[in-house]
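Engineer: Structure in structure tokens, see below.
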Amino acid sequence: MLQVAGKIRVLQGYRPETLPLQELLSSGEPAVLKGLVAEWELVRAGRNSDQHAMDCLRSHYNGRPIRYSYGEPQIAGRPFYSEDFTQLNCSVRQARLDEVLDEIRCHLRDERPPTYYVASLLVDAHLPGFRAGNELDLTAHGVNAPPSIWIGNRTIAACHYDAPNNLACCAIGRRRFTLFPPEQIFNLYPGPFDPSPGGQAVSVVDFANPDFEKYPRFRAAIAAGQMTEVEPGDAVFIPAMWWHHVEGLSAFNTLVNYWWSSSPEFIPTPMNALYELIWSLRDRPEREKLAWKNVIEYYVLGPAERAGEHLPEPARGVLGAIDETMARQIRAMLLNRLNR
């Protein structure tokens, strides 16, 4: 196991109705909320047995086909890149959820089972009624975060970041979370954007057996990392852009998570801008890149009002506040320019 000295801070005594969401967001730091969802129906079922937990999931399932990742035993629960990074080491299949649960059950006692990984399944679309006994309503905090569910055996979500904030609730099985602050991207050796497990580039370092000769900067990431192991009923708050490596430690694991952005819905993902910057800026001469670094700092990364504050408000255009109307105008302008 990777040895990370830092520990994620632990908060005690909270329940869904007393979730300190604004305090978590203001801190910008990860946190474990012990027992936050301990009274969920699914958590209680899992305390009885894996079979009770599976039956609970089946009771809410509406029969719609789902997609899941399947890997042979040799991938050891780690959906990842192939050796040459041009493919994935697992396949995406389609089945009914109850069929996948049956497959997991058949291999519960295997030392090296095949990998079954249902990732980010929208609860409302496939498990209607689930929320009635497993609720964490964030709308009171002004947050729209429909829950997703993750179901599998001893699976590993290789280290990656997500643009939204994340509240991950451990429902069945124990999990280990290893987190790194956003600036550790330089020491985590991200893989290609495409293909990528789960649609997000992941660190190519094998946390179970890191190769420090090949990835020497990973030692610096370890020094900055934080780790925790959580039980069913616990939740982990992962701030936006924090890297996280998540390991299912039990033969059957289920997690429910909530993603949300702190920006309005009309603000697009910055990944679009990242692709554009790679395309338009990365391979320019170093002096030009340095100049553009200053331009981006001035217009984007500094105070939002700085670039337009010396101009009359009617003249600011995109340099002023961006609302839904302005967002549509920017989108139309970009599409027009890119399609020339």
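Engineer: Working from Cα positions, state the angle (0 to 90°, nearest 10) between the long axis of helix 324-338 and the longest principal axis of the chain.
Structural biologist: In the chain, helix 324-338 runs at an angle near 80 degrees to the longest axis.
Engineer: Of all beta bridges DSSP finds with both residues in the chain, what is the antiparallel percent, to the nearest 5?
Structural biologist: For the chain, the DSSP antiparallel bridge percentage is about 90.
Engineer: Given only helices, namely DSSP H runs of n ≥ 4 each adding -39500 (n - 2.57), what is the per-residue ellipticity at 222 nm of the chain, to the nearest 500 deg cm²/dmol?
Structural biologist: Value at 222 nm, helices only: -7000 deg cm²/dmol.
Engineer: Dipole of the chain (Lys/Arg Cβ +1, Asp/Glu Cβ -1, origin at the Cα centre): which of 179, 43, 32 lies farthest to the positive side?
Structural biologist: Farthest towards the positive end: 179.
Engineer: Net charge within 15 Å of residue 213 by Cβ-Cβ distance, Lys/Arg positive one each and Asp/Glu negative one each, not counting residue 213 itself?
Structural biologist: On the way: positive: 214, 217, 219; negative: 206, 211.
Result for the neighbourhood of residue 213: +1.
Engineer: Then there's this: Specify which labelled value, from (1) 21.8, 70; (2) 20.2, 75; (3) 21.6, 85, agrees with Rg and Dmax of the Cα atoms in Å derived from the coordinates of the model shown.
Structural biologist: Correct label is (1).
Engineer: Rounding to the nearest 20 debye, state how big the charge dipole of the chain is about its Cα centre with +1 on each Lys and Arg Cβ and -1 on each Asp and Glu Cβ.
Structural biologist: The dipole magnitude comes to about 320 debye.
Engineer: Also, quick follow-up: Among the aspartates and glutamates, select those whose C-alpha is under 13 Å from the C-alpha of residue 34, and discard any that sit fewer than 8 residues away in the same chain.
Structural biologist: Answer for residue 34, where 13 Å is the Cα cut-off: 229, 231, 234, listed by chain and number.
Engineer: Ok, one more. For residue 340 and residue 310, what does the FRET efficiency come to when R0 = 25 Å and r is the distance between their Cβ atoms, rounded to the nearest 0.05?
Structural biologist: Numbers: r = 32 Å, r/R0 = 1.27.
E(calc), rounded to 0.05, equals 0.20.
Engineer: Can you return the aspartates and glutamates within cross-link range of residue 289? Criterion is Cα-Cα under 16 Å, with same-chain partners fewer than 8 residues away left out.
Structural biologist: 276, 297
Engineer: Among the lysines, select those whose C-alpha is under 27 Å from the C-alpha of residue 214, and discard any that sit fewer than 8 residues away in the same chain.
Structural biologist: Filter leaves 7.
Engineer: Report, in whole Å, the centroid distance computed from the Cα atoms of the stretch 117-153 and the stretch 158-203.
Structural biologist: 19
Engineer: Using every Cα-Cα pair within the stretch 270-338, state what percent have a distance larger than 21 Å.
Structural biologist: Cα-Cα pairs in the stretch 270-338 separated by more than 21 Å: 37 percent.
Rule-based calculations on the coordinates, nothing more; no lab input. Note that the structure is a prediction, hence the values are computed from the model and not measured. Reconstructed Cβ throughout: ideal geometry from the backbone, glycine too, with neighbour counts over all protein chains shown.
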